There are 2 protein chains.
Amino acid sequence: MQRDIPEVVIKRLPIYYRSLQQMAQMGKDVVSSQELAKSAGVTATQVRRDLSYFGEFGKQGKGYSVELLLSELRRILNLDRDWDVVLVGAGSLGRAVTRYPRLEQHGFRIRHVYDHNPNRINTRLNGLVVEDVSLMPEQISREGIRIAIIAVPPSSAQEVADELVRSGIKAILNYAPATIQVPDDVRVYDIDPVAAMQSLTYYLEPYESRRKRKLSSASDRIDITS
Amino acid sequence: MQRDIPEVVIKRLPIYYRSLQQMAQMGKDVVSSQELAKSAGVTATQVRRDLSYFGEFGKQGKGYSVELLLSELRRILNLDRDWDVVLVGAGSLGRAVTRYPRLEQHGFRIRHVYDHNPNRINTRLNGLVVEDVSLMPEQISREGIRIAIIAVPPSSAQEVADELVRSGIKAILNYAPATIQVPDDVRVYDIDPVAAMQSLTYYLEPYESRRKRKLSSASDRIDITS
DNA sequence: TCATGTGAAATCCTTCACAGCC
DNA sequence: GGCTGTGAAGGATTTCACATGA
């Protein structure tokens, strides 16, 4: 598999995948780059270019087979298997993660939940027993688990990441509001709602007065384009 | 305020802000672009370039005053005020959002939680009463709220977004696993853990056998650089 | 001497525009 | 006629390298 595909492209593939799944569910057989682009919020050229990194999946004059494209994306993204995951941190954030059903639905199986707080260890949590984080390296290693979710306070995020990397973890979904440093062969994806909000407020007028805007009626509704 | 600053830059500013807050807490007075870069996981040149879009905040030969930079970033990102937010969707995802304390800690105040399910309306949820979504437009408009969090199923995400936009919302944090279309003057930031996971699995070997790796000892630990 | 701020260069990514094929 | 796949162009972002000032 070639390994110089832009990371931005890789981040868009799951979005295409999501759109296609929805289309398949609605019984759509064939989709044009135009339609897929609209559904994914990008341009048609971008869809075609992104897919062309991996092969020629379309039919000229016709478009792409929804089923074929789904199966190609599954293959490319390694989604035609389930993945074991460990979760570190059984605080409120970690608990929310265990209760988020979409991960399981998409084949990401949380195999262990770890914490170091004795009050949390051995408590049950959505069908999982919280284990002592000291058991973590051995279990990850023995079970060959390569994906971890970090949901600990920022002050311990780095040491947890270090331990995960030593144990063989290669992919980390990081909910801790901290940047973690990992070797080149480990990937980290950060999720920080506060940081997201703070980017959004940049674009807002700082002190627009209340009541300045009125409830718009159907007639002056802006046409959606973006 | 100039308005042609790359969006990537805006997304990095909250990360710098987060790093600086941590440094301030540790009593650090002055920071170099080098140090800030390390803490934020970017390059020193990038830090300097990013900041230079907004002014000259550093002292040559010295670095940046942590306090000054924090206050400049607060000003740039409009964080020297609190922001009212509405949350749409009181399902498990919406409930998790209300229980996530960091938003409040950073000045994002959830003022209303809406749902359309009668079983949820009027239930209490972390100090908030779930209201009927039909009250939403009028309340958003009257209270001048400009930020919304969408936590509804993907099938209703677009109609909720349309209604939010009509009511005057200008910034949306979208937890629904769906792309939503909004006018140019509205910003959307998507959070989709499943999509994030699916990008991560791209980089994993699909079928590395179990037990292939061993628990590494301290001596063969890879040096962290990334 | 040390670290910022920034032109210029390099790299990365997106879009244009169209040949080629169904 | 319609739509893909892709060279080439264009635009955006990052990095280099260094003048400048503390």
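The values are calculated or read from the model by the stated rules, or taken from the named source; none is laboratory data. Because the structure is predicted, anything quoted here is derived from the model rather than measured. No Cβ is skipped: glycine too gets one built from the backbone with ideal geometry, and neighbour counts run over all protein chains shown.
For the range B:126-139, which residues satisfy the criterion of being within 14 Å of chain A (Cβ to nearest Cβ) and either within 15 Å of B:Val97 (Cβ to Cβ) or touching a Leu at 6+ places or on another chain (Cβ under 7 Å) (or both)?
Of everything in the range B:126-139, those that are within 14 Å of chain A (Cβ to nearest Cβ) and either within 15 Å of B:Val97 (Cβ to Cβ) or touching a Leu at 6+ places or on another chain (Cβ under 7 Å) (or both) turn out to be B:Asn126, B:Pro137, B:Glu138.
Against the test of being in the same structural domain as B:Glu159 (by TED's automatic domain parsing) and touching a strand residue (DSSP E or B) at 6+ places or on another chain (Cβ under 7 Å), the options B:Val66, B:Val97, B:Val31 yield a single qualifying residue, B:Val97.
Contact annotation: residue pairs with Cβ atoms under 7 Å, 6 or more positions apart or on different chains, pairing a residue in the range A:51-64 that is within 14 Å of another protein chain (Cβ to nearest Cβ) with a partner that is within 9 Å of DNA strand C (Cβ to nearest atom), are A:Tyr53/A:Ile5; A:Tyr53/A:Val9.
Restricting the range B:27-50 to residues that are more than 8 Å from DNA strand D (Cβ to nearest atom) and basic (Lys, Arg), which is farthest from A:Ala176 (Cα to Cα)?
Among those that are more than 8 Å from DNA strand D (Cβ to nearest atom) and basic (Lys, Arg), it is B:Lys28.
More than 11 Å from chain A (Cβ to nearest Cβ), more than 16 Å from DNA strand D (Cβ to nearest atom), surrounded by fewer than 20 Cβ atoms within 10 Å (Cβ to Cβ) and modelled with pLDDT of 95 or more: is that true of B:Leu87 in this structure? No: the conditions fail for B:Leu87. One residue alone among B:Arg120, B:Arg111 is closer than 29 Å to B:Pro14 by Cα and more than 12 Å from every other protein chain (Cβ to nearest Cβ), and that residue is B:Arg111. Considering the range A:1-104, the qualifying helices (runs of 4 or more DSSP H), each wholly inside and each with 1 or more residues that are farther than 30 Å from B:Arg102 by Cβ and hydrophobic (A, V, I, L, M, F, W, C), run over A:7-25, A:33-40, A:44-52, A:66-76. Does the range B:16-26 contain at least one residue that is within 16 Å of DNA strand D (Cβ to nearest atom) and either small (Gly, Ala, Ser) or not assigned by TED's automatic domain parsing to the domain that holds B:Ile150 (or both)? The answer is yes, given that some residue of the range B:16-26 is within 16 Å of DNA strand D (Cβ to nearest atom) and either small (Gly, Ala, Ser) or not assigned by TED's automatic domain parsing to the domain that holds B:Ile150 (or both).
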